[in-house]
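Working notes for the structure below.
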Amino acid sequence: MEEENVVQIKDLYLNFYTYDGVVKALDGVSFGIKKGEILGLVGETGSGKSVTSLSVLSIFVPPGRLQKGQIDINIKGKKYDILSLNDATMARVRGKYVSMIFQEPRAALNPVYTVGDQISEVYFHHRKAELVDNTIAQLREDLKKASGLRRTIYRADLSLLEKMKNNPKSVSLRLSMKIPLLNRFQNRIKTEARKMIVQMLKSLNIPDPARVIDMYPHELSGGMAQRAVIAMSLACNPMMLIADEPTTSLDVTVQAQILLLIKDLQKKFHTSILYVTHDLGVVAETCDRVVVLYAGNVAEIANVFDLYKKPLHPYTQALLESIPRPGHKFISIRGIVPSLVDPPKGCRFYDRCDYTQEKCLHIEPQLVEVEKDHFVACHLHYGGS
Ligand SMILES: Nc1ncnc2c1ncn2[C@@H]1O[C@H](COP(=O)(O)OP(=O)(O)O)[C@@H](O)[C@H]1O
Ligand code: SF4
Ligand SMILES: [Mg+2]
């Protein structure tokens, strides 16, 4: 695992067992995600973008089954093999270190809870210590100004909060949580969570956050709902964010705002982002590096500048040529993606490629670094192996 990589995916093979046969959806996918970068994962529909990104969270939706592979994640300098973690540890990694946002924001929001309720859930789970610290600080301020009975009550609250911080399992604390008159300090924690959430919504350019926090998902526009989901994913300050086509269901102006927001967040928090999209225009605007997937294989990996200036894989070249441009004839990639039930033995792009050679039919091209930090899986560039 390279030092600066937060995630290293190695040789993932994943099949779907369907009535039509075994779909070989991922066929030896390998790449790393560097600390603080936005890595684009691009390819046509069905190329394996979603299953690859879900596997980083160790999520394999039946009938999908991982055949082979390894995913290492680097948390605070320590390496964990994600696929061998037990469920409880993996749940912690998911909530605390790696977050995911999906294409359809409303599917990620619970319709019966307000935005504030849903985000505070994440705070209570993952940032409780910070919440209690903030509440104690606020209570100390209030105590300075209080007198008489109020002062006595504040002192009692403070003592319970300090117990919560130092000994969360203490019997007296657990008892007081159950007695309505004594559990007032919990309302203070909720108020503090609310302040933190309003601040977070503000940083996501959500207008009138004090109102939005009390809204239900159906009251939000598509762009606003996606921002709320992003707020939820960022509530635990993850070191890594996976965004699976997060702007596809939004209109173009809102899409541009969300892209700007994601870039801003990456700068502000140095979060590593895996940005999944089929749109190379979005990649050019947003990403630092790109992984091009084709039919379950990595075709090319390069930084954005090199990929656009000098694409090496015939598929990447065709993808770039198929971006609609004013004044240019629209060129689509000829042919269709091969069936993954019985994929070609050699290069999976064979039927659609203009540069085929004999060996392309029989020998699967391996991903090789042909220029510095520029990897390609194509016989044209290394003479085959
Ligand atoms: N539930 C499923 N059952 C059968 N095949 C599936 C299922 N989900 C995905 N696949 C197959 O896995 C491949 C990759 O899918 P996916 O990762 O969703 O692609 P992408 O996100 O790039 O559009 C596709 O060929 C698709 O047909
Ligand atoms: S390996 Fe052969 S078929 Fe595949 S992209 Fe390269 S030239 Fe085309
Ligand atoms: Mg997808």
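The values are calculated or read from the model by the stated rules, or taken from the named source; none is laboratory data. Please read all numbers here as calculations on a predicted model, not as lab measurements. Cβ atoms come from the backbone with ideal geometry, glycine included; neighbour counts cover every protein chain shown.
Within the range 56-74, restricting attention to residues that are in a loop (DSSP other than H, G, I, E, B) and either modelled with pLDDT of 95 or more or over 19 Å from the mean Cα position of the chain (by Cα) (or both), the residue that is surrounded by the most Cβ atoms within 10 Å (Cβ to Cβ) is PRO63. Residues that are over 17 Å from ILE71 (Cα atoms) and in a loop (DSSP other than H, G, I, E, B) were ranked within the range 25-55; the one that is farthest from ligand 2 (Cβ to nearest atom) is GLY36. Any idea how many residues of the range 25-60 are β-branched (Val, Ile, Thr), closer than 30 Å to ALA318 by Cβ and within 15 Å of ligand 1 (Cβ to nearest atom)? Number of matching residues: 6.
None of GLY296, GLY327 is on the phi > 0 side of the Ramachandran plot, assigned by TED's automatic domain parsing to the domain that holds GLU44 and more than 16 Å from ligand 3 (Cβ to nearest atom) except GLY327. Listed by first and then second residue, the pairs linking a residue in the range 363-379 that is in a strand (DSSP E or B) to a residue that is within 16 Å of ligand 1 (Cβ to nearest atom), with Cβ atoms under 7 Å apart and 6 or more places separating them unless they lie on different chains, are PHE375/GLU300; VAL376/GLU300. Being in a helix (DSSP H, G or I), surrounded by 15 or more Cβ atoms within 10 Å (Cβ to Cβ) and either in contact with a Leu (Cβ under 8 Å, 6 or more places away or on another chain) or not β-branched (Val, Ile, Thr) (or both) holds for only one residue in MET177, MET224, and it is MET224. For the range 243-291, which positions are in a loop (DSSP other than H, G, I, E, B), more than 21 Å from HIS374 (Cα to Cα) and among the hydrophobic types (A, V, I, L, M, F, W, C)? Once the filter is applied, which keeps residues that are in a loop (DSSP other than H, G, I, E, B), more than 21 Å from HIS374 (Cα to Cα) and among the hydrophobic types (A, V, I, L, M, F, W, C), the range 243-291 yields only LEU250.
Of all residues in the range 140-168, those that are on the phi < 0 side of the Ramachandran plot have Cβ atoms under 6 Å from Cβ atoms of residues that are at pLDDT 90 or above and not in a helix (DSSP H, G or I), 6 or more apart or on another chain, in TYR154/ALA146.
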